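The values are calculated or read from the model by the stated rules, or taken from the named source; none is laboratory data. Source: prediction; values computed, not measured. Cβ placement follows ideal geometry from the backbone for every residue including glycine, while neighbour counts extend to all protein chains displayed. With ligands, DNA and RNA removed, areas are computed over all heavy atoms of the protein, side chains included. Shrake-Rupley method; radii C 1.70, N 1.55, O 1.52, S 1.80 Å.
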Amino acid sequence: MRPLPLSLGFPSPRLSRSKDSLSKLLLAVSLCGPLAASAHTVVITVDLEPIEDAMVTSAMPYTNYGHQPSFEISPVWRPFVDYSRESFLKFDLSGIPEGVQVLSARLQATAYDGFAYGGDGSVYAHFVPDDSWSEGSLIWLNKPAISGQALGSWWLWYDFRNGQPRPEQSGSAESAALAAQVQAEVEQDNLLSLRLSSSGYETFYHSSEAADATKRPKLRVRYSAPACSFERPAPTLTVNGSLEMTLECGASTWQDPGASATDACGPVTVERYNSGEDAYGPGPNPNAEGTYSVQYIARNLNGEASAVRTVTVEDTLAPQLTLNGEPEMTHTCGTAFVDPGVTAQDACYGDLTQSVQVFGYVNGWVPGTYTVEYFVTDSGGNAAAPLVRTVTVANCPW
Ligand SMILES: [Ca+2]
Ligand SMILES: [Ca+2]
Ligand SMILES: [Ca+2]
């Protein structure tokens, strides 16, 4: 029984079976531990069915055959009838993670009939760059072009039709070129379109609509990947030190304790912002009071982790007053007393001498004992311990 009308080119009735709505069927995924290239690499084998497949024929250039349970390949030349049948297959590779190494790729189709017309009987698989075709609208007149040399081929022999049952045979093509094309598509649009054609023999195949899944076309891809890449949630960020840090203005130095991050594949780079050690900001200034934010972000393909460290630079230290001259002075009566003064220094705010307040007056013409007091307060409100100088005015000339 033929699923496809051969001589007249009318499409056979559509099957009631609806095509699997999944964009791709993962028929078999196996983790091959013993074949692992290293302790952290696994080799995966995946069998993909076409997400779309369709035959086109020059005999019926306006007719779509995309929902048939079979497709055909036949040469341009046949006795009495000059037409060609080509079939297109499209595979969704999106289940293969980017960055893996494709080790091998094999296209396989199960034939159930055929005929040898002579010449080159091989079936060739060519790359089709344009994936925009769909099996529901593909016809001879809008079929996409092929590109480059054949990526692989197979050869199946069917004798002349003698009324005997036709054997099912499996055609498969495996090549480095096909693997390379799969690799390229994994890194690009994740869709691989292929065209099957022959310039010699005619062969008939079960399509992706075949009721028996084991007979549908398959693309078997083997690839190696880091074991971690299959379970790789967003990184975990660890901030060294406290998220709330306080520095003493003018007395502490700032050095970012940093942060680290890991994911299933190992360490992840941590980007820092305004740490003083990155290109994004000067970082906390330990010599100026204020609140500074240092941010840490670690990213991978599945997300990011971030944290903000708040660095508060505070001035809690009082300025220091230093007497110029002696704390106890004697002044000879009869001239003005010139106070040698004090200097004031603050770790955060620097020289505060100009801010020193002086209380007390020494009258150089009146004998007695005087006290002079010196005070200073920094901008942070920290008062220096006051200093006192005692000045004795004596020995008046009169
Ligand atoms: Ca189809
Ligand atoms: Ca593509
Ligand atoms: Ca201070």
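Taking only protein heavy atoms and a 1.4 Å probe, the accessible area of the chain is 53% carbon and sulfur. For A59, nonlocal amide neighbours, meaning residues 5 or more places apart or on other chains whose placed amide H falls under 5 Å from its own, are S84. The residues of the chain expose, per residue, 50 Å² of accessible area to a 1.4 Å probe.
Stokes-Einstein diffusion for the stretch 26-230, with the hydrodynamic radius set to the Kirkwood value over Cα pairs and evaluated at 37 °C in a medium of 0.692 mPa s, equals 187 µm²/s. Comparing the stretch 216-342 with the 2.2 N^0.38 Å rule of thumb, its C-alpha radius of gyration ratio is 2.07 (two decimals). Mean projection of the Cα convex hull over all viewing directions, computed for the stretch 320-394: 4.6 nm². Each label was represented as a point 7 Å from its Cα along the Cα-to-Cβ direction; for S355 and C265 these points are 5.4 nm apart.
Computed extension gain for T371 through Q188, at 0.36 nm per residue and net of the alpha carbon distance, reaches 57.1 nm. The calculated FRET efficiency for S306 paired with N285, based on their beta-carbon distance and R0 = 25 Å, is about 0.60.
Each label was represented as a point 7 Å from its Cα along the Cα-to-Cβ direction; for D278 and C396 these points are 7.4 nm apart.
Could you list the residues of the stretch 336-357 with an amide nitrogen less than 15 Å from a label point located 7 Å from the Cα of A251 in the Cα-to-C-beta direction? Of the residues in the stretch 336-357, 345-350 have backbone N under 15 Å from the label point off A251. Relative to the globular-protein estimate of 2.2 N^0.38 Å, the Cα radius of gyration of the stretch 269-372 stands at 2.02.
Projecting the alpha carbon convex hull of the chain along each direction and taking the average yields 31.6 nm².
Amide H contacts under 5 Å for A259: N240, restricted to partners 5 or more places along the chain or on a different chain, H placed in the peptide plane at 1.01 Å from N.
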